[in-house]
1. By count of other Cβ within 10 Å, fewest leading, how are 37, 10 ordered?
2. Taking neighbour counts of Cβ atoms within 10 Å as a proxy for exposure, in what order, fewest first, do 11, 28 appear?
3. If you stretched the chain out fully between residue 19 and residue 55, how much longer would it get, using 0.36 nm times the residue separation minus the C-alpha to C-alpha distance?
4. Please order 39, 16 by the number of other Cβ within 10 Å, starting at the fewest.
5. For residue 32 and residue 9, what does the FRET efficiency come to when R0 = 30 Å and r is the distance between their Cβ atoms, rounded to the nearest 0.05?
Ligand SMILES: [Zn+2]
């Protein structure tokens, strides 16, 4: 059985929402003992300007909000 771990290493850029995979260029941000990955210096800058806006609070995430706005 060949288990597919595709997607397991993907992290979402909290700023622009792009998925960052392995082998891809990214920037690491350590914030509140969490590591966040962003895709560019611009996103890194945006994150650092307002980290609380982008940092996830575990458990405080809405289950699903795909409703049109
Ligand atoms: Zn980004």
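Every read-out reported here was derived from the displayed coordinates using simple, explicitly stated rules and does not represent laboratory data. Keep in mind that what you see is a predicted model, and the values were worked out from it rather than measured. Here the Cβ positions follow ideal geometry from the backbone for every residue, glycine too, while neighbour counts run over all protein chains shown.
1. 10, 37
2. In order of increasing Cβ crowding within 10 Å: 28, 11.
3. My answer for the length gained is 11.4 nm.
4. Listed from fewest to most nearby Cβ atoms, that is 16, 39.
5. The pair residue 32/residue 9 has a calculated efficiency of 0.85.
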